[in-house]
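*Asks:* The following block contains the structure, expressed as structure tokens.
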């Protein structure tokens, strides 16, 4: 199930955030100008997923158990919804 979603290149063309689905969990890559953070979270450790939608883009907020939340920005509304659906399907399985 190695699906990958990248944030829109319009807001940040050189450093888009990414979400990569694996067999046991999800990797969230949050990129900044001079650094990037890779966060791997097991599906069983995710307690919730929230989406904040603006006019064009959405922010996805992942709420893991026992860790700070992970915020990834500038995804299309369709991709944000698909990411949420895939995560919740794996969490509930």
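The values are calculated or read from the model by the stated rules, or taken from the named source; none is laboratory data. All figures in this text were calculated on a predicted structure; none of them were measured in a lab. When we count neighbours, we look across all protein chains shown, and the Cβ atoms used for this are built from the backbone with ideal geometry, even at glycine.
*Asks:* Within the range 23-46, which residues are touching a helix residue (DSSP H, G or I) at 6+ places or on another chain (Cβ under 9 Å) and exposed (fewer than 14 other Cβ atoms within 10 Å of the Cβ)?
*Replies:* Of everything in the range 23-46, those that are touching a helix residue (DSSP H, G or I) at 6+ places or on another chain (Cβ under 9 Å) and exposed (fewer than 14 other Cβ atoms within 10 Å of the Cβ) turn out to be 24, 44.
Residue by residue, here is whether (1) within 11 Å of the chain's Cα centre (by Cα); (2) under 13 Å from residue 60 (Cα atoms); (3) modelled with pLDDT of 90 or more; (4) not in a strand (DSSP E or B) holds:
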{"site": "1", "(1), (2), (3), (4)": "no, no, no, yes"}
{"site": "10", "(1), (2), (3), (4)": "no, no, no, yes"}
{"site": "13", "(1), (2), (3), (4)": "no, no, no, yes"}
{"site": "27", "(1), (2), (3), (4)": "yes, no, yes, no"}
{"site": "30", "(1), (2), (3), (4)": "yes, yes, no, no"}
{"site": "48", "(1), (2), (3), (4)": "no, yes, yes, no"}
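*Asks:* Of the residues in the range 50-93, how many are part of a strand (DSSP E or B) and under 18 Å from residue 10 (Cβ atoms)?
*Replies:* So the count comes out to 11.
Matching residues to (1) free of Cβ contacts under 8 Å to residues at least 12 places away in the same chain; (2) in contact with a strand residue (DSSP E or B) (Cβ under 6 Å, 6 or more places away or on another chain); (3) surrounded by 14 or more Cβ atoms within 10 Å (Cβ to Cβ):
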{"site": "51", "(1), (2), (3)": "no, yes, yes"}
{"site": "54", "(1), (2), (3)": "yes, no, no"}
{"site": "57", "(1), (2), (3)": "no, yes, yes"}
{"site": "60", "(1), (2), (3)": "no, yes, yes"}
{"site": "65", "(1), (2), (3)": "no, yes, no"}
{"site": "71", "(1), (2), (3)": "no, yes, yes"}
{"site": "76", "(1), (2), (3)": "no, no, yes"}
{"site": "79", "(1), (2), (3)": "no, yes, yes"}
